[in-house]
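As structure tokens, the structure follows; a few thoughts come after it.
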Amino acid sequence: MRFQFLPRVRRHFLLLLAFFALSLCTTTHAADMKITLASPGPGNLLYLPIDLARKIGADTAEGVSLQVRYFGGGPQAVQDMLEKNSDFAVLGMPALAEQRVSGNPVLCIAPISQVPAYSLLVRNDLKGKIRKIADLKGHVIGVMGHTKGGRATSQMFIEYILMRNGLAVDSVNFVPIGKSYAAQLAALDSGTVDAIMGDEPYASRMHQAGIGFYLADLHDARAVKKLLGGLFLNAHLATREDVMSNHPEQAEKMVKVLKRTLVWINQHSPQQIVNAFDFSNPAERSALLAALKKYKAMYSPDGTFSAAQIRTTEQFFHEVLKESPAARSLEFNSFIVDKWAGRRR
């Protein structure tokens, strides 16, 4: 009897232990708060912190299971958020401000970049015809597209540059292009557009391949200060007012995930950042590494708002939309929540 009874007890005990371990594992997994975020991409430098957050475990470190939905541009990403398919989005700050002017209940809750981070690339066969911004008159320029309620920030920037160089906005034709490398390459290489207000590391790849040449680079802090008078809040984390009212804990956690990622970027080398990704294409890997070596300082070092950058961005927005009384009167502080990100001068 004893030889039959003891093994049976032991078996029951082991089964109980296994059940307890499984329950503990399931409970731990269930404790992670699922958050869905809409983002342009994947793969462009401006929104790299979103791609990186899951790679380095910044989300799980904050008790979050981050799900990312990718779109062809910021306007599409924020539209997804407004349709409540996602609760957060990343996009350009001027594009969010235009959504606010259109009456949409959007809020900015954390910064990502401190420069615009766009490259104006012109098709190589036009090198003899287009030497300066004014030469773009009558040409077709690819931008990241638009949706009801707003344009892409990339379009606002080319409009601003045109105005600063004495050209009317309607002196060029804008064509929406995608946010992926394949879409931007196809648009420029096929001759569908004469120039693009594009992203890194895609612009560098096209330049190296002899498809386009740089006419303007808005990644360099010195160039941005010269053009705009200061550093610039562009890429950022946004949410809806109802999320902030009903689920502030989600907003707090998402800000913490982003801040953790930005600090990690600031503390690691370009090579270490690239190593966090699993690249199957060597060209993609080398292009990202080259871009990070040049432009790593484009990101906010810690995800803290800068009052000076907010002012610069607000002035830019008022200038680009000067024909709109509602846009000119919009104060950015009215839709920025710095409760968790913090703010410095």
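The values are calculated or read from the model by the stated rules, or taken from the named source; none is laboratory data. As the structure is a computational prediction, the values presented were derived from the model and not from experiment. Positions of Cβ are backbone-derived with ideal geometry, glycine not excepted, and every protein chain shown enters the neighbour counts. Surface areas here come from the heavy atoms of the whole protein model, side chains and all, with no ligands, DNA or RNA. Shrake-Rupley method; radii C 1.70, N 1.55, O 1.52, S 1.80 Å.
A few points about this structure:
- Packing here is the average count of other Cβ atoms within 10 Å per residue, and on that basis the peptides 208-216, 251-259, 66-74, 101-109, highest first, run 251-259, 66-74, 101-109, 208-216.
- Binned Cα-Cα distances of the stretch 111-233, short to long, each 5 Å bin given as a whole percent: 2, 11, 22, 25, 22, 13, 4, 0
- The alpha carbon radius of gyration of the chain, expressed as a multiple of 2.2 N^0.38 Å, is 1.15.
- For the stretch 108-134 versus the stretch 243-306, the gap between their alpha-carbon centres in whole angstrom: 22 Å
- Largest mean-square fluctuation among 226, 294, 55, in a Gaussian network model of the chain whose springs join Cα atoms under 10 Å apart, belongs to 226.
- Accessible solvent surface per residue of the chain, calculated while the other protein chains remain in place, 1.4 angstrom probe, Å²: 45 Å²
- Of the accessible area of the chain, computed with a 1.4 Å probe over protein heavy atoms only, carbon and sulfur atoms account for 53 percent.
- Dipole magnitude (debye, nearest 20) for the stretch 300-345, charges at Cβ of Lys, Arg, Asp, Glu: 180 debye
- Gaussian network model of the chain, springs between alpha carbon atoms under 10 Å - residue of 33, 298, 144 with greatest fluctuation: 33
- This model, with +1 at the C-beta of Lys and Arg and -1 at the C-beta of Asp and Glu, gives the stretch 208-345 a dipole about its Cα centre of some 520 debye.
- From the C-alpha gyration tensor of the stretch 41-158, square roots of 5λ in Å: 31, 19, 11
- Choice from 243, 193, 143 with maximal GNM fluctuation in the chain (Cα, 10 Å cutoff): 243
- Cα-based values for the stretch 171-309, radius of gyration first and Dmax second, are 17.7, 51 Å.
- Protection proxy ranking for 280-288, 184-192, 172-180, 231-239, using the average of other Cβ atoms within 10 Å per residue and placing the highest first: 231-239, 172-180, 184-192, 280-288.
- Note on the stretch 287-345: Rg/Rh from Cα positions, Kirkwood definition for Rh, rounded to two decimals, is 1.11.
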